[in-house]
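The values are calculated or read from the model by the stated rules, or taken from the named source; none is laboratory data. In this text the structure is predicted, and so the values were computed from the model without any measurement. We place every Cβ from the backbone using ideal geometry, glycine too, and count neighbours over all the protein chains shown.
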Amino acid sequence: MSARSSRNLESALPVVAIVGPTGSGKSELALQLAERFDGEAINADSMQFYRGMDIGTAKLPVAERRGIPHHLMDFLGVREDTTVATFQDLARTAIADIRSRGRLPILVGGSGLYVRAAIDVLEFPGTDADVRAKLEAELETVGLAPLAARLALVDPVSAARISDGKRVVRALEVYELTGRPFSSFMPERDYISPTVQIGLNGDRAELHGRLAARVHTMVERGLQQEVQDLIPEGLREGRTAQKALGYQQFLRVIDGESTVAQASEETIVATRQFARRQLTWFRADPRVQWLDWAQDDLATAAAALVTQAKASSGA
């Protein structure tokens, strides 16, 4: 094969995105597809970005990754934050790198906006600390109503969709910086390159049982101690990490404000609610091809979708 033909093949390799609610088996399916198609995984679970947040995020241990490279895990400390725009750059760099070696990129995770940032034509407007601070000060001083009224004048679409102060401030910031309504940056469903999205779903009662069992297993494996160990690393100071499911609940246990049993139940309830939101997000995308996680031939059915996507892209 000529060098040019090799480059054409690499650029045609589709991105495989495995999506769906937490607890649906995405990580295992990613491993099976990576083994079958010589692939590498790219993490799209925003809480698995954090070093040391392993038990509570159900992060697949290195020893259980079966030698499959996993990208974009453990690159942040718990004090740090990132943005979807930054993730977009990192994910697309990883995709290009994997393709350049003739391997199949497999994006796996349930953080919906992060998945779309990686695979869709999606533009992120910039930010300005001074403009943001001014608007936040105004929100604090005069309240939400005047800012919401201003937003309704310049961006009625966004004003109809959002109601909390943080998002109103962001929409006004974007308008001040760009002269464009924030709603104009909302994307169409348009892949940036050949992609197949495989969604995992199944019986709701079974999912609830899975999630409850998983939380109890996390507690047994030492979730409280993991939270305790992350406090000196800055867990309490991190704006995002401390809000992760399980971590905020067990911080209250450590502070004497809750019991392990209460924290476990609160985490189960919060995880079920999160799974419901994930399903709502991914069901809104008609391009997702859904499979039942309980079907006997799951890996074979998913592999058929990947094979079809490769054929359609010319790979």
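The figures follow:
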{"read-out": "Residue match in region 173-183 (condition: in contact (Cβ under 8 Å) with a residue 40 or more places away in the chain and assigned to a loop (DSSP other than H, G, I, E, B))", "value": "yes"}
{"read-out": "Only one of Thr280, Thr307, Thr271, Thr300 that is under 30 Å from Gly199 (Cα atoms), outside any loop (DSSP other than H, G, I, E, B) and at pLDDT below 95", "value": "Thr280"}
{"read-out": "Count of residues meeting criterion [of a type in the set (Val, Ile, Thr) and either farther than 15 Å from Val15 by Cα or surrounded by fewer than 16 Cβ atoms within 10 Å (Cβ to Cβ) (or both)] in region 73-115", "value": "6"}
{"read-out": "Qualifying residue in region 175-192 (condition: under 30 Å from Ala17 (Cβ atoms), touching a Gly at 6+ places or on another chain (Cβ under 9 Å) and surrounded by 13 or more Cβ atoms within 10 Å (Cβ to Cβ))", "value": "yes"}
{"read-out": "Any hit, region 93-100, residues being modelled with pLDDT of 95 or more and farther than 26 Å from Arg51 by Cα", "value": "yes"}
{"read-out": "Enumeration of residues in region 119-135 that are surrounded by 15 or more Cβ atoms within 10 Å (Cβ to Cβ) and acidic (Asp, Glu)", "value": "Asp120"}
{"read-out": "Criterion violated by Met73 - all others in (1) over 29 Å from Arg236 (Cβ atoms); (2) of a type in the set (A, V, I, L, M, F, W, C); (3) outside any helix (DSSP H, G or I); (4) modelled with pLDDT of 95 or more satisfied", "value": "(1)"}
{"read-out": "Filtered residue count, region 1-59, keeping only those that are modelled with pLDDT of 95 or more, assigned to a loop (DSSP other than H, G, I, E, B) and of a type in the set (A, V, I, L, M, F, W, C)", "value": "4"}
{"read-out": "Number of the condition not met by Ser258 [criteria: (1) in a helix (DSSP H, G or I); (2) more than 22 Å from the chain's Cα centre (by Cα)]", "value": "(1)"}
{"read-out": "Residue check, Glu173 touching an Asp or Glu at 6+ places or on another chain (Cβ under 8 Å) and not assigned by TED's automatic domain parsing to the domain that holds Ala17", "value": "yes"}
{"read-out": "Test result for Gly256, surrounded by 13 or more Cβ atoms within 10 Å (Cβ to Cβ) and on the phi > 0 side of the Ramachandran plot", "value": "no"}
